[in-house]
There are 4 protein chains.
Amino acid sequence: MMPSGRRGPRYDFRVVEAASTSLPGLLRLAGMADTVRAAVQAAPGVIEVREFPRPVVGPDDGLLRVEANGVCGSDVEIYRGHLRPMGQEGGGPVPFVAGHEAMGVVEEIGDRAAGRWGVRAGDRVAVEIIVPCHACRRCLAGHYQSCPNRRYNHGATGIDVAPSLWGGLAEYMYLSPGTIVHPIDPGLPAEVAALFNPMGAGVRWACHLGRVSLGDTVLVLGAGQRGLCSVIAARAAGAGRVIVTGLAADARKLALAREFGADHTIVADEEDTVARVRELTGGDLADVVLELTPMAAEPVTDALLSARHGGRVVLAGLKGDREIPLRTDVIVNRALTVVGAYGVDHRAYREAIALIESRRFALEKLHTHSFGLEETVKAIETLAGGTAIHVSVHP
Amino acid sequence: MMPSGRRGPRYDFRVVEAASTSLPGLLRLAGMADTVRAAVQAAPGVIEVREFPRPVVGPDDGLLRVEANGVCGSDVEIYRGHLRPMGQEGGGPVPFVAGHEAMGVVEEIGDRAAGRWGVRAGDRVAVEIIVPCHACRRCLAGHYQSCPNRRYNHGATGIDVAPSLWGGLAEYMYLSPGTIVHPIDPGLPAEVAALFNPMGAGVRWACHLGRVSLGDTVLVLGAGQRGLCSVIAARAAGAGRVIVTGLAADARKLALAREFGADHTIVADEEDTVARVRELTGGDLADVVLELTPMAAEPVTDALLSARHGGRVVLAGLKGDREIPLRTDVIVNRALTVVGAYGVDHRAYREAIALIESRRFALEKLHTHSFGLEETVKAIETLAGGTAIHVSVHP
Amino acid sequence: MMPSGRRGPRYDFRVVEAASTSLPGLLRLAGMADTVRAAVQAAPGVIEVREFPRPVVGPDDGLLRVEANGVCGSDVEIYRGHLRPMGQEGGGPVPFVAGHEAMGVVEEIGDRAAGRWGVRAGDRVAVEIIVPCHACRRCLAGHYQSCPNRRYNHGATGIDVAPSLWGGLAEYMYLSPGTIVHPIDPGLPAEVAALFNPMGAGVRWACHLGRVSLGDTVLVLGAGQRGLCSVIAARAAGAGRVIVTGLAADARKLALAREFGADHTIVADEEDTVARVRELTGGDLADVVLELTPMAAEPVTDALLSARHGGRVVLAGLKGDREIPLRTDVIVNRALTVVGAYGVDHRAYREAIALIESRRFALEKLHTHSFGLEETVKAIETLAGGTAIHVSVHP
Amino acid sequence: MMPSGRRGPRYDFRVVEAASTSLPGLLRLAGMADTVRAAVQAAPGVIEVREFPRPVVGPDDGLLRVEANGVCGSDVEIYRGHLRPMGQEGGGPVPFVAGHEAMGVVEEIGDRAAGRWGVRAGDRVAVEIIVPCHACRRCLAGHYQSCPNRRYNHGATGIDVAPSLWGGLAEYMYLSPGTIVHPIDPGLPAEVAALFNPMGAGVRWACHLGRVSLGDTVLVLGAGQRGLCSVIAARAAGAGRVIVTGLAADARKLALAREFGADHTIVADEEDTVARVRELTGGDLADVVLELTPMAAEPVTDALLSARHGGRVVLAGLKGDREIPLRTDVIVNRALTVVGAYGVDHRAYREAIALIESRRFALEKLHTHSFGLEETVKAIETLAGGTAIHVSVHP
């Protein structure tokens, strides 16, 4: 049932063997349910709930009882077949348990994993998507989110790799030896705790890459969940003026942006973004610009033209590898710094979680829809619909 | 003869009045030659040597006896009428004394200027092109090269602004109160000392903006005088591997790049730059890329594709405000930092001058042609010819 | 009456001559009151109100109608003779108009000064204490607060330097050509606007030198006005946990610290600071420590021992040049960065003013006492008393 | 013989069991010598060569055939009993295989280790001393040298922890799963390759923490092997002027410093260091100061007083936890940044190795003495003697 043509987890292949042999007996002895239900994307447009043997945990790994898994824009693209799950770019498509924004309770954990991760069974944790090698030059320099050897990332690894349960859209998610977890306040509603992922992006983009400082004018292009989290992060870090753009159809999101502290909103398909920014800032333009829109070309130009001389532009919106015509002289003549936002790191997640736990912002307003595991497709379609903000599945 | 419809220097308008009234008498009393010869660009394609009254120096300003003035690529563009001199963008074209890379000896200097600048009559100095306001937010933050109030910049200010002699292509250049000067070793040949300007650019681009560190692989796109100076700066700062691109016609420049420590050269019109960089670095690509080519689009794409994940790309080549089609996803997915190189600052000039004075590199090899003031047009055409590297005029 | 044995202002000596000759006549013609009352410190412990001729404003300078001048701890030390006013360290003591935290309305301003400073007569401004040369290496690098050529600083320059009115404890303060001013909201109460100075310090120490980032634990040693402003700045920049120390006698200040968002306060003369920090942080210690206490040795040791591995310690409290016994191995073994906080810069003042203008914090609570010009000694003694927080004089 | 009261390696406890049970038989089958000779420090002042079973390598670990192990000043202190080996601070003293600067050839390596480390059997590598957990906050941020969970560091771990061979003073050194290795040029003499360790320190202190930039004046206090490596690193990174201090007894080292590019040397026990630095720099003082002397108090004061306003001071010399009387006002008034130099990281070692491999400096001149394994005590005493520079043991 579980062919292992692809390589197992980096630190401990023994788990594979264990899982494929002695499992049912052990489980029966332990009096635990011996199967786990998970939403498997079998092909583009096809997600079905399947059952898998419950993994046996060894000294270096663990098992998460998933409380909530946030749905991400990339889940939509992967479901539609527009995007391949990370790590599967090279090979043929393999069925996989979807979901890479998981949080829940550590159900079981090995001794060494407990020591390494600093958590125990019963602790509530948020789990990072990336499982890096922890050993390469980038990992050793603290840029593990760019680890070229990362594999078995959550929500992307095929069910052919034991123990199959790599995604968060499942009752239990496997925590392999290289996993990175963050303790998170058990008192938070699960759907709010699940916001650690988009909020981590907001913190990294606005604070770390954008370097928002006290009194800065920050322009956020795009009013999705990550745009709104960027507004919150910018506010939390002391931004003086926050401006957000969205489409006319995003009226609800823009209203929410204002509730979270945006001073101005721009309807990008009705107004001239650059002219409005110029007007709103008395010609000073923005100190920091975050470009977060997916697939759209014009906002990149708007980003460059809305940044003040010496300003910073953070690019996070992917464009399907399209060429975008840009006046690079603007970058030169305005002495801009343009930063590509690749991944989120431990520090950003940690700061995001601290911000969530501080309850300083009414983050529950970001959450619009909750679904059960059986409703995974509905959850994805709801996010795709465009009016939802944060959507989570609660297995 | 000297209408003053345009505003005079920032700190001291009295000079204007002095120059327009009592000059000849004072000079006669002083026994000094009372006129100064200067190369005036009267219109695109028209440069002629004219005579001007020798400026009277007050307490806040000074006069430079020009030893050498380097010719810059922008002089070529301005001569041809493709580019307007800085500060003249808005108004109609005005005749001006050209030359913005001047060095020489302080002939006269006011008491307050001497205190402010830390130099005395007889000192040899290099003069920065920009004359900033010293008072705005950018000046106070150390980014005076971006001062929005800068004016009366050298080699760009009309002869209608007293005392007319704002450019380095003249026997004497006026040093207005906001001028920035750097003492420079009197023992250096003037044409080598005149290299402070391109070398300042090389230091800023490679070291400050590119942040070259020990052992880095540095790719320099473009083998002009600034490209070669960037090679030298990268080497001086401990780069491990330096790669330079040029055209087939630049064979001599590429050979010189190798003499200055470039490990590899790429003939950009015959080879695939990105493929070669990949090959030469064993797939690691470049830590730092400097894009210095004027007007060309392809090197910008090459720059992005030749940079390693997490690398830095410095853009300094202007493209005539053209749109260049770019895959911005490369910036995002490679976590690149793209920096616009606008201007050179005091620290870069200072470090460049220290490097020149150290005589650690045989910089005289960069210098290919010297001309007299009467030969200014020939000097500009020589640089425009493409085979010259550093060209200077010695009034 | 005004011997000019000491040198006049850097950019414009003419003021000296003007002031010493034609003043009374001009003023009479202009119909303006021709004298200005100012509090002069004639000797340690001796402050008396004297009258001075109203300065004549030229093209490069201006005159401030002082609304409020904050009293600083250094005013106390200078009044007592424990400290020499900045710039007077070398020579014999000279009577001077005290006060270096002035704000008010631009009464008169020269054309060139208006252009340079970007303000007009009638504008309300805060005035920086330092008058730098704007031309040296440090000024050009943006570190003008450390300008070695600064002179004629406010509240420190002798009355022998025309036009005598260099301090803020006067009806009018002279604005010399190199002065740095910041526009400030006319709607603010003057005593709140006068907080720009300690708030500038708080922003620089906590945000710029301390680099407080989202969720950081910040320890502030010292609960004076600058300590409280540091608490506010840390909070504004997103600190997660703020701890403040004070003496038992500072109970009111510590209560105010809590009102401004400090999570914990430590009574340093009754509790073990390091042990408490360890306890409050669960052993994690502080990410950023600000040592602001004057003259005390122990807090420096506390600062080092309260900082986490890799943390930052900002030293701002002067110790009368005393030697303090320190275990430097703590700096090495904890990989600490210890930063000396010298002066405040334009950016910090600007961000501080933006913070004040945002009215996000109830800063008026920091202000405890207002006095008239005649009550200057009382104002100084009130601050010296220890229970006051922010004290200002309103001439 | 091998009690396991202390915990085994982080990632793979199985090694312990394997080593303590099935070893001899396996080795005999493999036809390999089944014992390894190693220099064990049994107690302060007692080092003896003992034999250990050759470790069996599993999938996650490896075995290094040691070519050379550099002797460090801390080896002297540990030998004398003045210092406890890292990680043994808390418990009673345990015999251990000394040596933490090992390089050699990978003799055996597990599959997973080979993938993780990017090396194969037969590759020549330098081995980092620290074996971090790779999982904590500091490791994930790239500061693994400060990992609080590090253990089984090389040259410090007791022989009671299987497989005993944790130090470089042995024929073979065990490479546990968390080990960090760097490939190094097989063409280098082993004693030169062994310089990766002090050179890593020089690079980190001068370049990364000191941030030496083009033309800087760098003062190095202390002329030991790390001082000389700092001179070389500063030179390689473009320092303009390098000054080194040493004692009169260090004449040979100071002469070597000059050979490596130091411009000036100061005999600290005969000259006034601060006065000389002031004189040599024309009053400018040093941009960067590295304080590397062990146990001495005065150089710390010299370091602060020799740094220019705004300069950087790197403290690396440990003082036995002594209190040193310091005028902290110097730090404040000079706006100094004082940085504690704790450990060396991957990037510094990598850049150091690239510098060694470049053969740009005649590093073999740093090496003064080579010894065999039996001569370990002699090697340590030779370094302790004070005239040796780099000493290595070649097992």
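The values are calculated or read from the model by the stated rules, or taken from the named source; none is laboratory data. No experiment lies behind these values; they were computed from the predicted model shown. In this analysis, Cβ positions are derived from the backbone assuming ideal geometry, glycine residues included, and neighbour counts consider all displayed protein chains. SASA here: full protein model, heavy atoms, side chains in, ligands and nucleic acids out. Shrake-Rupley method; radii C 1.70, N 1.55, O 1.52, S 1.80 Å.
Place a +1 charge on the Cβ of each Lys and Arg in the protein assembly as shown and a -1 charge on the Cβ of each Asp and Glu, then give the dipole magnitude about the Cα centre in debye, rounded to the nearest 20. Write out the running numbers ahead of the final one.
Working: 164 positive and 180 negative charges, 1 e Å.
With Lys and Arg at +1 and Asp and Glu at -1, about 0 debye.
To the nearest whole number, what is the average tally of beta carbon atoms from other chains within 10 Å of the beta carbons of peptide A:54-65? The partial results should precede the final answer.
Numbers: counts 0, 0, 0, 0, 0, 4, 4, 0, 0, 0, 0, 0.
The mean count of partner-chain Cβ atoms within 10 Å per residue comes to 1.
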Exercise for the section: Along Cα→Cβ, 7 Å out, is where each label goes; now give me the distance between the ones at C:Val105 and B:Ala275 in nm to one decimal. Expected result: 7.5
Exercise for the section: In whole angstrom, note down how far apart the Cα centers of the stretch A:268-313 and the stretch B:136-169 are. Expected result: 29
Practice task
With a cut-off of at most 15 other beta carbons within 10 Å, and DSSP calling the residue loop, which GluC sites (Glu not before Pro) in the stretch B:265-356 qualify? Please list them.
Solution key: B:Glu270, B:Glu271
Fill in the blank from the handout: Taking A:66-73, C:354-361 and ranking on average Cβ neighbours within 10 Å, highest first, one gets A:66-73, C:354-361
Practice task
Take the stretch A:69-154, drop everything but the C-alpha atoms, weight them equally and run the Debye formula without solvent; then report log10 I(q)/I(0) at 0.22, 0.26, 0.27 Å⁻¹ to two decimals.
Solution key: -1.18, -1.25, -1.27
Exercise for the section: Could you run the Debye sum over the Cα atoms of the stretch B:198-340, one equal point scatterer each and no solvent, and tell me log10 of I(q)/I(0) at q = 0.10, 0.15 Å⁻¹, two decimals? Expected result: -0.27, -0.63
Problem - Averaged over D:75-87, number of beta-carbon atoms from partner chains that fall within 10 Å - result: 0
Problem - Closest-to-axis residue of chain D (Cβ criterion, axis taking D to A), whole Å - result: D:Gly142, 1
Exercise for the section: Could you pull the Rg and Dmax for chain B, using just the Cα atoms, both in Å? Expected result: 21.4, 72
Exercise for the section: Restricting things to alpha carbons, find the Rg to Rh ratio for the protein assembly as shown using the Kirkwood radius for Rh. Expected result: 0.97
Practice task
Determine the relative contact order of the stretch A:270-395: mean sequence separation of Cα pairs under 8 Å and six or more apart, normalised by residue count, in whole percent.
Solution key: 17
Practice task
Write down the radius of gyration of the stretch C:269-383 and its Dmax, each obtained from C-alpha positions, in Å.
Solution key: 18.0, 54
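Placing +1 at every Lys and Arg Cβ and -1 at every Asp and Glu Cβ, with all other atoms neutral, what dipole size does chain B have around its Cα centre, in debye to the nearest 20? Display every interim value, and only then the final one.
Values: 41 positive and 45 negative charges, 184 e Å.
Using only the charged Cβ atoms, the result is roughly 880 debye.
Counting only heavy atoms of protein chains, what accessible area per residue, in Å², does the stretch B:198-340 have with a probe of 1.4 Å? Mind showing how you got there, number by number?
Values: 4400 Å² over 143 residues.
With the other protein chains kept in place, the stretch B:198-340 gives 31 Å² per residue.
Using the structure shown, list the pairs from A:Lys253/A:Lys319; B:Lys319/B:Lys378; A:Lys319/A:Lys378; B:Lys253/B:Lys378 with a Cα-Cα distance above 24 Å, or answer none. Walk me through the intermediate numbers first.
Numbers: A:Lys253/A:Lys319 22 Å; B:Lys319/B:Lys378 26 Å; A:Lys319/A:Lys378 26 Å; B:Lys253/B:Lys378 21 Å.
Result: B:Lys319/B:Lys378; A:Lys319/A:Lys378 exceed 24 Å.
Filter the GluC sites (Glu not before Pro) in the stretch B:106-155 down to the DSSP loop ones having no more than 11 other Cβ atoms within 10 Å, then list what survives. Mind dumping the intermediate values first?
Values: sites: B:Glu107, B:Glu108, B:Glu128; in loops: B:Glu128.
Hits after loop and neighbour filter: nothing returned.
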Completion exercise
For C:Trp117 the rounded accessible area (nearest 10 Å², probe 1.4 Å, non-protein molecules ignored) is 30
Problem - Simple spin-label estimate for C:Arg211 and C:Val377 in nanometres, 7 Å along Cα-Cβ - result: 4.9
Problem - Residue among C:Ala223, C:Ala251, C:Ala262 with the largest mean-square fluctuation in a Gaussian network model of chain C, springs linking Cα atoms under 10 Å - result: C:Ala251
Handout entry: Ascending list, in nanometres, of distances separating the C:Ser358 label from those of the other copies (7 Å, Cα toward Cβ)
Key = 1.1, 4.4, 4.5
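Below 8 Å between Cα atoms, with a sequence gap of 6+, how large is the relative contact order for the stretch B:74-208 in percent? Please report the intermediate quantities before stating the final value.
Numbers: 213 pairs, mean separation 38.6, N = 135.
Computed over the stretch B:74-208, the figure is 29 percent.
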Practice task
Taking only Cα atoms and a 10 Å spring cutoff, compute GNM fluctuations for chain B and point out the largest among B:Leu326, B:Leu219, B:Leu292.
Solution key: B:Leu326
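Taking the convex hull of the Cα atoms, report for the stretch A:72-215 its projected area averaged over all directions, in nm².
Result: a mean projected hull area of 10.6 nm².
With the contact rule set at Cα under 8 Å and sequence spacing of 6 or more, what percent relative contact order holds for chain C? Don't skip to the end; give the middle numbers.
On the way: 917 pairs, mean separation 65.6, N = 395.
Relative contact order of chain C: 17 percent.
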Practice task
Report, for A:Ala384, each distance to the same residue's label point in the other copies, shortest first and in nm; define the point 7 Å along Cα→Cβ.
Solution key: 6.0, 7.5, 7.8
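Determine the share of chain B's accessible area contributed by carbon and sulfur atoms, expressed in whole percent, with a 1.4 angstrom probe.
Working: 6910 of 13480 Å².
After summing per-atom areas, the C and S share lands at 51 percent.
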Exercise for the section: Quantify how strongly other chains surround peptide A:341-349 by giving the mean number of their Cβ atoms within 10 Å of each of its Cβ atoms. Expected result: 4
Exercise for the section: Just the number, please: buried accessible area between A and C, total of both chains, 1.4 angstrom probe, nearest 100 square angstrom. Expected result: 900
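With charges only on Cβ, +1 for K and R and -1 for D and E, what is the dipole size of the stretch D:198-340 about its Cα centre, in debye, rounded to 20? Could the numbers behind the result be given before it?
Details: 16 positive and 17 negative charges, 96 e Å.
Result for the stretch D:198-340 is approximately 460 debye, rounded to the nearest 20.
Would you calculate a helix-derived [θ] at 222 nm for the protein assembly as shown, using -39,500 (n - 2.57) for each DSSP H run of n ≥ 4 and dividing by the full residue count, to the nearest 500? Can you show the working numbers first?
Working: 56 runs with 452 residues, N = 1580.
Calculated at 222 nm, the ellipticity per residue is -7500 deg cm²/dmol.
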Problem - Label spacing, shortest first and in nm, from D:Arg50 to its equivalents in the remaining copies (7 angstrom along Cα→Cβ) - result: 5.4, 8.4, 9.3
